[in-house]
Amino acid sequence: MAQASAGLHEPVRVMVVDQDPVLRRLVRHALDARFVLSEAQDGFDALDAYLEERFDIVVIGERLGSCDARQVVEYIRGQANDSRTFIVVLFWDLSPAGEFALLHAGANDCLRLPFYREVFRARMEVGLRHIRMTQQLEQAYMRIEAQMRTVADLQKKLVPSLAQEVPGFRVRHLYQPSGLASGDYYDCLSLPSGGVRVVVADVSGHGARAAFIMAMVRTVVRAGTARGASIEYLLATTNTQLLETVGDESDFVTIFLADVDPALGRLRFASAGHCPGLLRVGTQVEPLAASTPMLGFFPLEFRVEERAFPPGSGLLLYTDGLYEWEMASGEQLGVDRFVALAAEAICEPTVYLDALMHRLEEAGEMPPVFTDDVTALWVETDPTWRSVVFRVEAAPAQVRQVVRQAVEWAAEMPPEMRDAVELAVVEACANVVRYAYGEGGGVLELRVAVAPGSLVRFQVVDYGRPFDPPERWGLPEETSSSGRGLFLIHTLMDRVHYGRMEGANVLTLEKRWEGACQNCM
Amino acid sequence: MPELHVETKGTEVWVRYDGEITFDVVEDLKVRMETVFAAPNWKTLIFDLEGVDFLDSSGIGFFVILNNRCSQSGQKLILFRLRPQLRKTLALVNMLHFFCIADDQDDVDANLVD
């Protein structure tokens, strides 16, 4: 179907339909050069012409042959779903009820015949203004929509795919923005400790404004985590940023931040006004309530809580969109009902968020119709992983002894790999003994995790001065008596990563044994 | 820490050590080797490594120091009877060709300093 004239300065296309040639001539003579007129005698012919070439204004007389004016109006507004075309009905004799019916069916104007040419022209001017305003609104809407799409496209890039596997963890997520742009944020970031930092946040409102604030929260969380910032620091910084930018407005953010450390079997978390996270340990589920109000209203102090997180434990974070929807009964699902359903879902041997959605559908006796952004994030430690932590004074003999114990503990790695791994760990620990602490000495922590049949991870942790890893780790001159340790570490291990976290230097060494072992000894 | 066995045979000094040569024992070994270097009239230092099963970069550095000192004073260091494990470690850091290595007495004899 053709479109009505789109440009604001193009001629306005008018069709007049009536069997009376005199009436059509009256209309023709009343229009000036801004209007291009088409004529039809029969109502159905007029509709055929309308479908071929949409008109900006349709003038309908009383004598249409095969149908009447109301049928034409109803067709245009109903079947053709056209609310733009301006419709004027001319009549000789019409009751108030008939006029009401025509206007109710969608006519914009009704004009009694015979009309004064000036009055008719004035009515057409009204139509013209209506058309121009509609066009302006459409163009403004298109511009706004284009901007919203730009915001949405940018935001899509901010939402993590979480496609990359995090060794030792199973991570699943669900993300359904209610519009083009969303105020929900979720993330799962690897920590130098070998653990992960998970976050789910919910910005008040929807659309571009919420998306902008969401981007701000994401930047604070990501940049802070990359620099080893604590949960408390991230919450305080986010709150400060919000107070500085939207502190005197009604915007706010609820957020749940948690660090999962499988080596220590520990969960550290804080929630600012966010719906309760659900911690599963064994078959027990504990709702983790917020300890502070939402962010963005006033300065706050944050308190981080701890829970045990043994192998196989899991944490479910989500936003309120997941439970603020209406069931078939007309009631809201509500947080209590949701927590009960989610607690059952996350106690299944394998947790799938699709299964959680299925439970919601059963409870609501209908597929959930979400009106808010919906986000859920599930993280659990791989129950098959084993881990242990050795702690020792950073003194040479003790450290060498603990490395032997640690390698012995991870004895299931292939024998040909064992010496290579031990040598790399010895080198890493020797660096701590030499450089981490001054005269006073300190502690060396050796965290070991084994994924049966596939991977061993050693983490050498000290609380001494920050380590500045060199960008190059080549070999020194042959006559040099030092400088080969880092080369050996990087050559012998598959992955080496240094990070500083909460006052600790954490050097992570990983070795996989699927396939051929490189540089095994 | 295991014993360092030192035996002098003419112009040869034979040193044997059993255990690991790693960062935790290297400083002590350096001190004990001072008595060897203080002894007069030897030309070749033969370090028997048959009983050494683990060597780290500190251990490699220890032998580099011994080798440098010998070279500077016209003496020679021979690493004797390296286990495959130690050969692999030296190979990883491209140091196999840096040292004089002897697998048996004939190799030692062929490398003695006149």
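The values are calculated or read from the model by the stated rules, or taken from the named source; none is laboratory data. None of the values given here were measured: they were computed from a predicted structure. Reconstructed Cβ throughout: ideal geometry from the backbone, glycine too, with neighbour counts over all protein chains shown.
Values for this structure:
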quantity: Number of the exception - residue A:424 against (1) within 22 Å of residue A:511 (Cβ to Cβ); (2) within 14 Å of chain B (Cβ to nearest Cβ); (3) surrounded by fewer than 20 Cβ atoms within 10 Å (Cβ to Cβ); calculated: (3)
quantity: Residue A:483 assigned to a loop (DSSP other than H, G, I, E, B), farther than 30 Å from residue A:312 by Cα, over 36 Å from the mean Cα position of the chain (by Cα) and more than 14 Å from chain B (Cβ to nearest Cβ); calculated: no
quantity: Segment B:16-48, residues that are in a strand (DSSP E or B) and within 14 Å of another protein chain (Cβ to nearest Cβ); calculated: B:19, B:20, B:21
quantity: Check on residue B:75, away from chain A (no Cβ under 14 Å) and touching a Leu at 6+ places or on another chain (Cβ under 7 Å); calculated: yes
quantity: Residue among A:368, A:383 that is part of a loop (DSSP other than H, G, I, E, B) and in contact with a Phe, Trp or Tyr (Cβ under 6 Å, 6 or more places away or on another chain); calculated: A:368
quantity: Matching residues in segment A:75-98 - criterion: being buried (at least 19 other Cβ atoms within 10 Å of the Cβ) and within 53 Å of the chain's Cα centre (by Cα); calculated: A:75, A:76, A:85, A:86, A:87, A:88, A:89
quantity: Selected residue (criterion: surrounded by the fewest Cβ atoms within 10 Å (Cβ to Cβ)) from residues of segment B:83-109 that are outside any loop (DSSP other than H, G, I, E, B), without any contact (Cβ under 8 Å) to a residue 12 or more places away in the chain and at the interface with chain A (Cβ under 9 Å from one of its Cβ atoms); calculated: B:84
quantity: Exclusive hit being more than 9 Å from chain B (Cβ to nearest Cβ) and touching a residue at least 12 places away in the same chain (Cβ under 8 Å), set A:471, A:502; calculated: A:502
quantity: Any hit, segment A:460-482, residues being among the basic types (Lys, Arg) and in contact with an Asp or Glu (Cβ under 7 Å, 6 or more places away or on another chain); calculated: no
quantity: Residues of segment A:124-138 that turn out to be touching a residue at least 60 places away in the same chain (Cβ under 8 Å) and either surrounded by fewer than 16 Cβ atoms within 10 Å (Cβ to Cβ) or not β-branched (Val, Ile, Thr) (or both), as a count; calculated: 6
quantity: Output for segment A:290-334, where each listed residue is under 25 Å from the mean Cα position of the chain (by Cα), among the aliphatic types (A, V, I, L, M) and farther than 30 Å from residue A:382 by Cβ; calculated: A:294, A:295, A:327, A:333
quantity: Among the residues listed as A:53, A:39, A:74, the single one being assigned by TED's automatic domain parsing to the domain that holds residue A:18 and at pLDDT below 90; calculated: A:53
quantity: Condition check for residue A:355: without any contact (Cβ under 8 Å) to a residue 24 or more places away in the chain, touching a helix residue (DSSP H, G or I) at 6+ places or on another chain (Cβ under 7 Å), under 26 Å from residue A:201 (Cβ atoms) and not in a loop (DSSP other than H, G, I, E, B); calculated: yes
quantity: Condition check for residue A:127: on the phi > 0 side of the Ramachandran plot, modelled with pLDDT of 90 or more and of a type outside the set (S, T, N, Q); calculated: no
quantity: Condition met for residue B:58 (touching a helix residue (DSSP H, G or I) at 6+ places or on another chain (Cβ under 9 Å) and more than 14 Å from every other protein chain (Cβ to nearest Cβ)); calculated: no
quantity: Matching residues, segment A:176-189, being part of a strand (DSSP E or B) and surrounded by fewer than 18 Cβ atoms within 10 Å (Cβ to Cβ); calculated: A:176, A:189
quantity: Criterion (basic (Lys, Arg) and within 14 Å of chain B (Cβ to nearest Cβ)) met by exactly one of A:404, A:391; calculated: A:404
quantity: Single residue of A:198, A:217 found to be within 30 Å of residue A:458 (Cβ to Cβ), modelled with pLDDT of 90 or more and crowded, with 18+ Cβ neighbours inside 10 Å; calculated: A:198
quantity: Residue count for segment A:405-439, restricted to those that are closer than 17 Å to residue A:391 by Cβ and not hydrophobic (A, V, I, L, M, F, W, C); calculated: 3
quantity: Residue A:454 being polar (S, T, N, Q), surrounded by fewer than 18 Cβ atoms within 10 Å (Cβ to Cβ) and within 14 Å of chain B (Cβ to nearest Cβ); calculated: no
quantity: Pairs, first more than 15 Å from residue A:283 (Cα to Cα) in segment A:306-320, second surrounded by 18 or more Cβ atoms within 10 Å (Cβ to Cβ) and among the basic types (Lys, Arg), C-beta under 8 Å, six or more apart; calculated: A:306/A:268
quantity: Scan of segment A:109-123 for residues that are within 53 Å of the chain's Cα centre (by Cα) and either part of a strand (DSSP E or B) or of a type in the set (A, V, I, L, M, F, W, C) (or both), ordered by number; calculated: A:109, A:110, A:122
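Quick grid of which residues meet (1) touching a Leu at 6+ places or on another chain (Cβ under 7 Å); (2) of a type in the set (S, T, N, Q); (3) touching a residue at least 12 places away in the same chain (Cβ under 8 Å); (4) in a loop (DSSP other than H, G, I, E, B):
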{"residue": "A:144", "(1), (2), (3), (4)": "no, no, no, no"}
{"residue": "A:150", "(1), (2), (3), (4)": "no, yes, no, no"}
{"residue": "A:160", "(1), (2), (3), (4)": "no, no, yes, yes"}
{"residue": "A:164", "(1), (2), (3), (4)": "no, yes, no, yes"}
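Quick grid of which residues meet (1) surrounded by fewer than 21 Cβ atoms within 10 Å (Cβ to Cβ); (2) at the interface with chain B (Cβ under 9 Å from one of its Cβ atoms); (3) in a helix (DSSP H, G or I):
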position	(1), (2), (3)
A:408	yes, no, yes
A:419	yes, yes, yes
A:430	no, yes, yes
A:435	yes, no, yes
A:444	no, no, no
A:459	no, no, no
A:467	yes, no, no
A:477	yes, no, no
